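Everything on this sheet refers to the single structure shown next.
The values are calculated or read from the model by the stated rules, or taken from the named source; none is laboratory data. In this text the structure is predicted, and so the values were computed from the model without any measurement. Cβ placement follows ideal geometry from the backbone for every residue including glycine, while neighbour counts extend to all protein chains displayed.
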Amino acid sequence: KDLNSLKLSLNYSGVIKKMDMKKKKFNDLLKIDDDDKKIIEMIEKKPSITHSDIAKEIEKSQPAVGARIIKLERKNLLTRQVGFNVKKVDIRVVIVYISTKDVEEIVKKIELCPFINHAFKISGEFNLLCFIAASDLKTIEKLVDLCFRKDPNVINVKTNVLIESIHDFVVPIDFQIENFDGRHCGPGCSLTENLPKFKFNQNSED
């Protein structure tokens, strides 16, 4: 019994050691140093912070800080998202989970959709996740019916309404969505190629 326990302990230690060997820090993964991380953290907390304030904090010159920020931007580690802050603006946001036979076909379909604020390929029961924002839930529901539920490539759709954003969350807004007529959402909409098939009855009630 003691021998088996010892073997189990050694095996467990070996697994932990192997896991530790695979673990990477952001410094190695992103090829940045502690000053870079400090700059990112400071800008995340206060996007309007000046190069001068950052320079004082990390004890570097302003030109050095500017060069680091340019480097981080080129590596896509510092980006600025322009749009509505869902935490502070009264708009409706719905999270849509989609299970589809061919995820690439759906991706092509939604790439230019002004309603789709963020989209992600995911693993599990559903293979696509979308954030859809509009001024009211009825419009979003019509769009989900039109774009996803009526698509033969889609197996299942689940929607969750975002009740409240705990942190600041910015979604880009394309004002083309105000022109949504129940048939297609704008000039780039994939549904314009096949309107009769996807035509939505605007007079019907949800």
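Figures for the structure shown
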{"item": "Residue that is farthest from GLU141 (Cα to Cα), among those in segment 93-112 that are surrounded by fewer than 17 Cβ atoms within 10 Å (Cβ to Cβ) and touching a residue at least 60 places away in the same chain (Cβ under 8 Å)", "result": "LYS108"}
{"item": "In segment 111-129, the residues that are touching a helix residue (DSSP H, G or I) at 6+ places or on another chain (Cβ under 7 Å) and either among the basic types (Lys, Arg) or within 17 Å of ASN153 (Cα to Cα) (or both)", "result": "LYS121, ASN127, LEU128"}
{"item": "Residue that is nearest to PHE175 (Cα to Cα), among those in segment 37-87 that are more than 24 Å from the chain's Cα centre (by Cα) and β-branched (Val, Ile, Thr)", "result": "ILE49"}
{"item": "Qualifying residue in segment 36-58 (condition: on the phi > 0 side of the Ramachandran plot and not assigned by TED's automatic domain parsing to the domain that holds PHE180)", "result": "no"}
{"item": "Selection status of LEU129, modelled with pLDDT of 95 or more and under 20 Å from GLU105 (Cβ atoms)", "result": "yes"}
{"item": "Count - residues of segment 149-183 that are at negative phi and more than 20 Å from the chain's Cα centre (by Cα)", "result": "14"}
{"item": "Restricting segment 123-139 to residues that are under 16 Å from VAL89 (Cβ atoms) and not polar (S, T, N, Q), the residue that is surrounded by the fewest Cβ atoms within 10 Å (Cβ to Cβ)", "result": "ASP136"}
{"item": "Residue under evaluation VAL65, criteria (1) of a type in the set (A, V, I, L, M); (2) more than 24 Å from LYS31 (Cβ to Cβ); (3) crowded, with 18+ Cβ neighbours inside 10 Å; (4) touching a residue at least 24 places away in the same chain (Cβ under 8 Å), criterion not met", "result": "(2)"}
